[in-house]
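What follows is a set of notes on a single structure, which appears directly below.
Values in this text are rule-based calculations from the coordinates and carry no lab data. All values reported here derive from a predicted model rather than from experimental measurement. Here the Cβ positions follow ideal geometry from the backbone for every residue, glycine too, while neighbour counts run over all protein chains shown.
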Amino acid sequence: MTERQLSGKTALITGSGRNIGRAIAVGLARMGCNVVVNGSRDRQACEATAEAAAALGVETLVAMGDVGKAASVTTIAEAALGRFGAVDILVNNAAVRPHKPFLEMTDEDWQKVIDLDLTASFYTARAFLPGMLDRGWGRVINLTGMKAIRGYGEGAPISAAKHGLWGLAKALSTEFAGQGITANAVSPGPTRVEGRSGDDPKQLAGIPAGFMAEPEDIAAVVCFLASPAGRFVTGQMINANGGGAT
């Protein structure tokens, strides 16, 4: 992929303090894109992501806040637009994935997941799509996961939210495709994360490729969709899962 082909663009990646979110931020920075790093609690991790991106010669901003809350998204948007004037690429990555038997779930358990894993993407898209429309160019990329494809026990709100993200991407793609904006989803398969030693044998057994993804493998798909080369891909969910069952 051509270096610096996103020079002059700005991306906001929610939940980008570590793992896939950090890899996406760094990958887009490598393409010349300014990045807005977001997290809800660990500012130190977000600062580390921003430093890694800045080392690649782009401008960065850390905008902390819980994107599952409308007021926080308003504050984040004001900071991002105040600094860069535009957010051209929106990557909705922030999520929580608690597991609990369905009949033991409280209203609060359900709502916490739906707010962050689904409704946050409505808030962020609503905040930044007007600017994308003004400029006639934009990218909305939602990170889903295997739970957007099939249900898993003790993960009902996650599956519901991730299916919803896929639906949101399809709806946005239909509404805005003729105005220079693409909207897609990326569904990562099992991916290595910080602080976890070794691969899960059960997960590994279900991956025909024979290995778990690195965060950079998922970031590469996002970077393609964000690039000019991805202009004719919209309304899709790309399964980056090593050939695993869908």
- request: Multiply the residue separation of residue 229 and residue 83 by 0.36 nm, subtract the distance between their alpha-carbon atoms, and state the gained length in nm to one decimal.
  value: 49.9 nm
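Take every Cα pair under 8 Å in the stretch 120-246 that's 6+ residues apart, average their separations, divide by the length, and report that relative contact order as a whole percent.
On the way: 196 pairs, mean separation 36.9, N = 127.
Over the stretch 120-246, the number comes to 29 percent.
For the stretch 1-143, what does the relative contact order come out to in percent, with C-alpha contacts under 8 Å and a separation of six or more?
On the way: 269 pairs, mean separation 33.9, N = 143.
Relative contact order, the stretch 1-143: 24 percent.
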task: Take the alpha carbon atoms of the stretch 86-143, find their center, do the same for the stretch 170-229, and report the distance between the two centers in whole angstrom.
output: 16 Å
field: Highest average packing first - 231-239, 183-191, 71-79, Cβ atoms within 10 Å
entry: 183-191, 71-79, 231-239
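Find the relative contact order for the chain and round it to a whole percent, using C-alpha pairs within less than 8 Å whose residues are 6+ positions apart. Don't skip to the answer; put the middle values down first.
Details: 520 pairs, mean separation 44.8, N = 246.
Once divided by the residue count of the chain, the mean separation gives 18 percent.
Output the direction-averaged projected area (hull surface divided by four) of the convex hull of the alpha-carbon atoms of the stretch 10-240, in nm².
Values: hull surface 49.5 nm².
Result: a mean projected hull area of 12.4 nm².
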field: Backbone N under 14 Å from the residue 177 label point (7 Å along Cα→Cβ), restricted to the stretch 202-246
entry: 231-237
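What full-extension length gain, to one decimal in nm, is calculated for residue 126 and residue 211 as 0.36 nm per residue of separation minus the Cα-Cα distance?
Numbers: separation 85, 0.36 × 85 = 30.60 nm, distance 3.75 nm.
Extending this stretch completely gives an extra 26.9 nm.
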query: Under a plain spin-label model, where a point goes 7 Å from the Cα along Cα-to-Cβ, how far apart in nm are residue 106 and residue 75?
result: 2.4 nm
Cut-off 20 Å (backbone N to label point 7 Å along Cα→Cβ of residue 134), residues of the stretch 53-93: 61, 73-91
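Based on DSSP H assignment, which helices of the chain show an axial Cα extent of at least 15 Å together with a mean Kyte-Doolittle hydropathy greater than or equal to 1.0? Could you put the intermediate results ahead of the total?
Numbers: long enough: 19-30 (17 Å, 0.76); 43-54 (16 Å, -0.20); 70-84 (21 Å, 0.91); 120-135 (23 Å, 0.20); 156-176 (30 Å, 0.36); 215-226 (16 Å, 1.57).
Span-like helices here: 215-226.
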query: What ranking of 7, 159 emerges when the number of other C-beta atoms within 10 Å of each C-beta is taken as an exposure proxy, fewest first?
result: 7, 159
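Given the pairs 69/162; 9/170; 147/170; 9/162, which span a C-alpha to C-alpha distance of over 22 angstrom in this model? Display every interim value, and only then the final one.
Details: 69/162 18 Å; 9/170 24 Å; 147/170 17 Å; 9/162 27 Å.
From the list (69/162; 9/170; 147/170; 9/162), the Cα-Cα distance tops 22 Å for 9/170; 9/162.
If you place +1 on the Cβ of every Lys and Arg, -1 on the Cβ of every Asp and Glu, and leave all else neutral, what size is the dipole of the stretch 10-240 about its Cα centre, to the nearest 20 Debye? Don't skip to the answer; put the middle values down first.
Details: 21 positive and 22 negative charges, 71 e Å.
Its charge dipole is roughly 340 debye.
Can you sort 162, 112, 147 by how many other beta carbons sit within 10 Å, fewest first?
Numbers: 162 26, 112 15, 147 22.
Exposure proxy ranking, most exposed first: 112, 147, 162.
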